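To keep things clear, I will list the structure first and then write my remarks on it.
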Amino acid sequence: MTASTTENQEQGTRSREQVKSSDSPCALHLESCTSIQLSTTAEDHHIARMAALALGLSVLEAAIPSPLPGVKPGLANIVILIVLARYGWRTAAWVSLLRVAAGSLLFGNFLAPGFFLSLGGALCSLAILAACQHLPQRWFGSVTHSILAAFAHIAGQLLVVYWWLIPHAGIAYLIPIFAAAALVFGTVNGMIAAHYLDEPDTAAETSRHTREGGYPAHLNAGLPPSRE
């Protein structure tokens with residue numbers, strides 16, 4: 001009994017020494033090397049906020065009853081148009097694609113037909129919006145961009161349906177209905193986006209003046225800018 005007790009005590013002492021040796025600087029260095037650190041920028045945070053706003057509008061849109069499957073207001077396109085006008089096509093593309101991916105995960109249809117329909121429509125609308133950047137801004141504004149993007153979105157979805165889901169020429173009979181919906185909702189969304197674009201971008205102005213080392217007087221006082 002005494003010999004076995006002494007042997008157990010020696011084994012416990014060796015195990016404690018091994019634990020202490022594992023806390024050496026080398027072991028701590030290896031542990032720190034295995035941690036993953038992601039560095040983000042202010043642009044990444046802005047894209048995430050805009051994508052979250054677009055996703056919230058998509059959730060709100062899903063609660064609106066639709067008279068015909070596939071006919072939706074496209075409320076998230078309002079955010080895309082505002083981001084496109086203020087921050088460029090690249091940021092708008094990130095927001096749109098993140099909204100499609102996150103929305104499919106939220107609604108549980110990732111890699112389902114609904115996901116590819118949304119992705120096809122988003123890619124076609126982004127392609128049209130990229131082409132619209134070369135049009136004269138004097139004659140083509142947010143309303144025109146919204147209508148063209150809505151038509152492209154519907155066209156992309158119909159192409160996915162025809163090439164993959166329902167390869168039948170009878171889909172052409174749905175084109176007038178979807179085109180009318182695209183015209184109406186595209187016009188309304190474009191007008192809403194144009195209304196918000198007419199307002200000053202206080203966040204962007206604040207960021208610019210922060211980098212320059214100061215704030216304008218109306219931002220310090222919490223007042224709207226002067227229209228003089």
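The values are calculated or read from the model by the stated rules, or taken from the named source; none is laboratory data. What you see is a predicted model, and the numbers here were worked out from it, not measured in a lab. Please note: Cβ atoms are built from the backbone with ideal geometry, for glycine as well, and neighbour counts cover all protein chains shown.
Summary table below
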read-out	value
Output for the stretch 149-191, where each listed residue is more than 27 Å from the chain's Cα centre (by Cα) and β-branched (Val, Ile, Thr)	ILE166, ILE171, ILE175, ILE177
Residue match in the stretch 51-67 (condition: surrounded by fewer than 13 Cβ atoms within 10 Å (Cβ to Cβ), modelled with pLDDT under 90, of a type outside the set (Asp, Glu) and touching a Ser or Thr at 6+ places or on another chain (Cβ under 8 Å))	no
Selection from the stretch 110-148 of residues that are buried (at least 17 other Cβ atoms within 10 Å of the Cβ), small (Gly, Ala, Ser) and more than 20 Å from the chain's Cα centre (by Cα)	GLY141
Those residues of the stretch 77-108 which are free of Cβ contacts under 8 Å to residues at least 24 places away in the same chain and either surrounded by 14 or more Cβ atoms within 10 Å (Cβ to Cβ) or of a type in the set (Lys, Arg) (or both), in sequence order	ARG90, VAL100, ALA101, SER104
Residue within the stretch 146-159 that is closer than 22 Å to LEU98 by Cα and free of Cβ contacts under 8 Å to residues at least 12 places away in the same chain present	no
Breaking point among (1) assigned to a loop (DSSP other than H, G, I, E, B); (2) more than 16 Å from ALA193 (Cβ to Cβ); (3) not β-branched (Val, Ile, Thr), for PHE116	(1)
Yes/no for LEU111 being of a type in the set (A, V, I, L, M, F, W, C), without any contact (Cβ under 8 Å) to a residue 12 or more places away in the chain and either under 21 Å from TYR196 (Cβ atoms) or in a helix (DSSP H, G or I) (or both)	no
